[in-house]
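Shown next, in structure tokens, is the structure this report addresses.
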Amino acid sequence: MTQQTTPALAVSANGLRKSYGDKTVLDGIDLDVAERTIFALLGPNGAGKTTTVQILSTLITADAGQLRVGGHDVARDPEAVRAATGVAGQYSAVDDLLTGEENLILIADLLHLGRSEGRRRAAELLERFDLSEAATKTAATYSGGMRRRLDLAMTLVGRPRIIFLDEPTAGLDPRSRRTMWQIVRELVADGATIFLTTQYLEEADRLADRIAVLDRGKLVADGTADELKRLVSGGHIRLRFADASALAAAARLLAGSARDDEALTLQLPSDGSVQSVRAVLARLDAQAIDVEELSIHTPDLDDVFLALTGTHDGENHKELIA
Amino acid sequence: MSAMAYAMTDSATMLRRNLRHALRYPSLTLAGLMMPIVILLLFVGVLGDTLGAGLHGAGGSDAGYVNYVAPGIILMTVASGCLATAVAVCVDMTGGIINRFRTMAISRASLLTGHVLGSMIQTLISTGVVIGVAVLLGFAPTAGPLEWLAAAGLLVLLAFALTWLAVLIGLVAKSAESASNTPLLIQFLPFVSSAFVPVDSMPAGVRWFAENQPFTPITETIRGLLLGTPVGSHAAIAAAWCVGVALISYFGARAVFNRARAS
């Protein structure tokens, strides 16, 4: 609880609730985001990620909850929150009829940066986001990746300390996605705090200092990527054999392994280290049991995500945690 | 800077944005300008002699049909500016950009103020052009400076009222298509007023409607100011209509705009 009194929290929410009619979208969310970190809100479609961002960025109001962003109470002082934050929504909020440069200058004007400073800042952002060549073309002619970069550039005109990114890489090709990740890392290196939502586990794993998993309006887990991975059962190695007799022999030898007669495979718990794999193979060699194929599985966030949100085969994965 | 000064700066920024849109994509504005000009040419050049003769018979002025119809066409120009405004507001509200504006520390009203100012500037320029075309076709106003000023005042008031109405339509519309349909009704309302033929030449039911809809008193007031025909109580009724529409539309638009939530 000492965290809540620390001034170093960029975003905090306590008991955040929101419902539309009788549909509860957010059912009591608590989260803390430390300054100068990347926080990822991970969840499937419809989990309430966008609603959370919209509430924290003052776009819509919460039904209940204590919310502070940048040291300001979201309900009582939304203007101060707006001044401290930048938001890039899921759908790029650019003016299609204006050029890239005009879009940036429009935002600079609305932030009252002054004419020369606004132009300087626009040129700087165009350069940084690799849009200088397209600066005088209207945004309507931009590709998806360019629009997203322009959108983010517009968000950054006022140098916000806290930046909300709602699915920043949704629909981007792999290269644009990598560019976006690089930009996000640079922003944090420059002192910003990033609150992003994503449904890509890889993205949360690669970028975020802390990850919260949101499912059907509730947080089902919260921690670092490693902490979350520890929530699901550890890794395993899988051995495939040529025939049933080899499988049976191996199963007798390796106690505690799970046997699949159909697939002729044996699965046994392992941390995936070279020593442990070598030890297993040595025991099989000693008995002259041939292994057709070996694979090593370390738990990734996919396991965590599926285990916690039970999106696909929920039953299986619930057993996994238990 | 004070909050008021910020609101004015932000409105000016939004106005620049809207004017830039209009200059870059002038088709809607030009369509709003061309329609009254085409109707003017049609009614004066093609139908003018017949309608003028009928007017004469019905006890209208014999100064030529162009003089009779020009005031109504001028009003039509003001009304046709609505379409572009409603569409522009709707495109803004249904696009992503509105959410950016809403999450920035800017004067919220400035978006609408920018639209209203931008539209009024375009409408008044169009109105000037249409008056010019009418004059070329023989429109000969007898108004002195004071009457011109009064007519201009009423036209500005009408433009203000209709622009806010268009903003309201744009805010309520779910798509640009529906935003462009509703203003057509306003655009065609002048046809069922004293703009083209005197109301006493109309069948009873239509006549009742024509007498009691806003474009008749506004047309009669402009006609009276520019051509010296009797104005009577029309001026007060015209002003009341404009103020009424402006107030209802302004407060309606404000309420819808503040209520509108991100979807």
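The values are calculated or read from the model by the stated rules, or taken from the named source; none is laboratory data. This structure is a prediction, so every number in the text was calculated from the model and none was measured. Reconstructed Cβ throughout: ideal geometry from the backbone, glycine too, with neighbour counts over all protein chains shown.
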- Message: Filter the stretch A:157-167 down to the residues that are crowded, with 23+ Cβ neighbours inside 10 Å and closer than 24 Å to A:T136 by Cα and list them by number.
- Response: A:V157
- Task: Output the residue which, of all residues in the stretch B:222-263 that are among the hydrophobic types (A, V, I, L, M, F, W, C) and not in a helix (DSSP H, G or I), is modelled with the lowest pLDDT.
- Result: B:A262
- Query: Within the bounds of the stretch B:109-121, is there any residue that is buried (at least 19 other Cβ atoms within 10 Å of the Cβ), touching a Phe, Trp or Tyr at 6+ places or on another chain (Cβ under 9 Å) and small (G, A, S)?
  - Reply: yes
- Residues that are touching a helix residue (DSSP H, G or I) at 6+ places or on another chain (Cβ under 6 Å) and more than 11 Å from chain B (Cβ to nearest Cβ), drawn from the stretch A:147-161: A:L150, A:A153, A:R161
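Can you say whether B:L41 is away from every other protein chain (no Cβ under 12 Å), surrounded by fewer than 16 Cβ atoms within 10 Å (Cβ to Cβ) and either at positive phi or among the aliphatic types (A, V, I, L, M) (or both), as far as the supplied structure shows?
yes
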- Those residues of the stretch A:232-247 which are among the β-branched types (V, I, T) and not in a loop (DSSP other than H, G, I, E, B), in sequence order: A:I237
- Item | Filter result for the condition that a residue is buried (at least 24 other Cβ atoms within 10 Å of the Cβ) and either without any contact (Cβ under 8 Å) to a residue 12 or more places away in the chain or away from every other protein chain (no Cβ under 12 Å) (or both), over A:L110, A:L56 | A:L110
- Message: For the structure I just gave you, tell me whether B:A151 is of a type in the set (A, V, I, L, M) and crowded, with 24+ Cβ neighbours inside 10 Å.
- Response: no
- Item | Selection from the stretch A:54-74 of residues that are farther than 18 Å from A:L9 by Cα and either of a type in the set (A, V, I, L, M, F, W, C) or in a helix (DSSP H, G or I) (or both) | A:Q54, A:L59, A:I60, A:A62, A:A64
- Among the residues of the stretch B:169-185, which ones are farther than 17 Å from B:T94 by Cα and crowded, with 21+ Cβ neighbours inside 10 Å? B:P183
- Quick check: is even one residue across the stretch A:36-53 within 9 Å of chain B (Cβ to nearest Cβ), of a type outside the set (D, E, K, R), touching a helix residue (DSSP H, G or I) at 6+ places or on another chain (Cβ under 9 Å) and not in a loop (DSSP other than H, G, I, E, B)? no
- Check on A:A135, hydrophobic (A, V, I, L, M, F, W, C), over 22 Å from B:A105 (Cα atoms), buried (at least 20 other Cβ atoms within 10 Å of the Cβ) and in contact with a strand residue (DSSP E or B) (Cβ under 8 Å, 6 or more places away or on another chain): no
- Query: Looking at B:R207, B:R254, which one is in contact with an Asp or Glu (Cβ under 8 Å, 6 or more places away or on another chain) and not β-branched (V, I, T)?
  - Reply: B:R207
- Only one of (1) touching a helix residue (DSSP H, G or I) at 6+ places or on another chain (Cβ under 7 Å); (2) more than 12 Å from chain B (Cβ to nearest Cβ); (3) assigned to a helix (DSSP H, G or I) does not apply to A:A123, and that is (1)
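Step by step: first the residues of the stretch A:94-107, then only those that are charged (D, E, K, R) and over 29 Å from the mean Cα position of the chain (by Cα), then the one that is nearest to the other protein chains (Cβ to nearest Cβ). Which residue is that? Outline the logic, then answer.
Step one: of the stretch A:94-107, the residues charged (D, E, K, R) are A:95-96, A:101-102.
Next, only the ones that are over 29 Å from the mean Cα position of the chain (by Cα) stay: A:101-102.
Numbers: A:E101: 12, A:E102: 7 Å.
Residue satisfying both the conditions and the ranking: A:E102.
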- Item | Filtered residues of the stretch B:92-106 (kept if over 14 Å from B:R17 (Cα atoms), more than 7 Å from chain A (Cβ to nearest Cβ) and assigned to a helix (DSSP H, G or I)) | B:M93, B:T94
- Please enumerate the residues belonging to the stretch A:278-304 that are in a loop (DSSP other than H, G, I, E, B) and surrounded by fewer than 19 Cβ atoms within 10 Å (Cβ to Cβ). A:Q287, A:A288, A:D290, A:V291, A:E292, A:T298, A:D300
- Message: Every residue in the stretch B:1-29 that is free of Cβ contacts under 8 Å to residues at least 24 places away in the same chain, more than 7 Å from chain A (Cβ to nearest Cβ) and closer than 18 Å to B:C82 by Cβ, please.
- Response: B:P26, B:S27
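For the stretch A:248-273, enumerate the residues that are closer than 19 Å to A:G235 by Cα and either charged (D, E, K, R) or not in a loop (DSSP other than H, G, I, E, B) (or both).
Matches in the stretch A:248-273: A:A251, A:A258, A:R259, A:D260, A:T265, A:L266, A:Q267, A:L268, A:P269, A:D271.
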- Can you tell me which residues in the stretch A:184-202 are buried (at least 21 other Cβ atoms within 10 Å of the Cβ) and of a type in the set (V, I, T)? A:V184, A:T193, A:I194, A:T197, A:T198
- Query: Can you tell me which residue in the stretch A:83-93 is farthest from the chain's Cα centre (by Cα), limited to those that are facing chain B (nearest Cβ under 7 Å) and within 19 Å of B:G95 (Cβ to Cβ)?
  - Reply: A:A93
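Would a scan of the stretch B:61-71 turn up a residue that is in contact with an Asp or Glu (Cβ under 8 Å, 6 or more places away or on another chain), farther than 30 Å from B:I222 by Cα and either more than 14 Å from chain A (Cβ to nearest Cβ) or among the small types (G, A, S) (or both)?
Taking every residue of the stretch B:61-71 in turn, none turns out to be in contact with an Asp or Glu (Cβ under 8 Å, 6 or more places away or on another chain), farther than 30 Å from B:I222 by Cα and either more than 14 Å from chain A (Cβ to nearest Cβ) or among the small types (G, A, S) (or both).
Yes or no: B:F196 of a type in the set (F, W, Y) and assigned to a loop (DSSP other than H, G, I, E, B)?
yes
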- Taking the residues in the stretch B:107-139 that are of a type in the set (A, V, I, L, M) and not in a helix (DSSP H, G or I) as candidates, determine which candidate is modelled with the highest pLDDT. B:L137
